[in-house]
1. Can you find, among S223, L189, W160, the residue sitting farthest towards the positive end of the charge dipole of segment 115-291, where Lys and Arg contribute +1 and Asp and Glu -1 at Cβ?
2. Angle, helix 183-195 long axis vs. longest principal axis of the chain, Cα atoms, 0 to 90°, nearest 10?
3. Based only on Cα atoms, what mean projected area does the convex hull of segment 2-88 have, in nm²?
4. Taking the Cα centre as origin and putting +1 on Lys and Arg beta-carbons and -1 on Asp and Glu beta-carbons, what dipole magnitude results for segment 48-97, to the nearest 20 debye?
5. Multiply the residue separation of H32 and R84 by 0.36 nm, subtract the distance between their alpha-carbon atoms, and state the gained length in nm to one decimal.
6. Please determine, in degrees from 0 to 90 and to the nearest 10, the orientation of helix 69-88 with respect to the longest principal axis defined by the Cα atoms of the chain, where the helix direction is its Cα long axis.
7. So for segment 2-88, averaging the separation of alpha carbon pairs under 8 Å that are six or more residues apart and normalising by length, what relative contact order in percent results?
8. Treating the angle as unsigned and between 0 and 90°, give the value, to the nearest 10°, between the Cα long axis of helix 2-14 and the longest Cα principal axis of the chain.
Amino acid sequence: MQTAIRRFLNYLHVERNSSALTVKSYADDLSHIVEFLQEQTGGIPEPGHIEVGILRNYVSWLHECGYARTTVARRLACLRSFFRYCNREGICDLNPAKPLRTPRTGRKLPHFLTTEQIGTLLTAPPANQPAGIRDRAILETMYSAGLRVSELVGLDVGDWDRSAGILRVLGKGRKERLAPVGSYATKALDNWMEFRQPDVKAPEKQRAAIFLNRFGRRLTTRSIGRLLETHIQTAGLSTQTTPHTLRHTFATHLLDGGADLRSVQELLGHKSLTTTQIYTHVSTRRLRETYEKAHPHASRNKAS
């Protein structure tokens, strides 16, 4: 079992070009099922000896432990992928996870900021010190290009074509896309470049990053989260606001401004249009709220 798991994780990394975070997530989920098997059977059976019944017991146990439906659904998806790989490689004859039913999870509408709120956030970092100038450039770039935080910290100086107003972004599955950068973000990046000082002793991969920490090395995703928390407090915004909120806000504002769904899908780097469609629900909800407030015959509860 452990050998099969190592081969599967290597397959994800090498052949599927999955990110390190994705591979780690699969590894964590598979280690969880291994622990369950050890407790239930007193050992770790070979993949070919695992039947659907034991996996159903695992799913029941997850529900009994109070795991969220989204967590159960994710772990089921992991099991299906793993056993599908094992079946294809001849490690097992069947995929025992295939008959398992995924619980309905529903989809929460993404949290986003209004134009006034995003304006307040973007000006929250102090403009009279290098860290504040850097943070303004970070926030402006994330909102302007709709970047994931992992994409932002992965940006190198060579990925920015200033004359074309384009960033070369490496997204999920190491898929590359071009992301336009607006004038506000361009100005913020120009300001930051005047203060950017890489550590000359650091490895090239660290020095090449657009956004550096105070030691002149590449920022981490956790660092972005921490600095955003500070500026959220300064701006007086909801604690629901995360780095990904800026990406949600980018997509919602584009659709509100008349952009078509396919274009937004391409700008976000979504593989499936279904993923992008969640933002149409956000825009539709806002449209309905505006209608209810403004139209005299929209609500029966209004005075005639």
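What follows draws every value from the coordinates through simple rules; no lab data is involved. Please read all numbers here as calculations on a predicted model, not as lab measurements. Cβ atoms come from the backbone with ideal geometry, glycine included; neighbour counts cover every protein chain shown.
1. S223
2. 90
3. 5.6
4. It works out to roughly 260 debye.
5. Working: separation 52, 0.36 × 52 = 18.72 nm, distance 1.83 nm.
Result for the pair: 16.9 nm of gain on full extension.
6. 60
7. Normalised by residue count, the contact order of segment 2-88 is 34 percent.
8. 30
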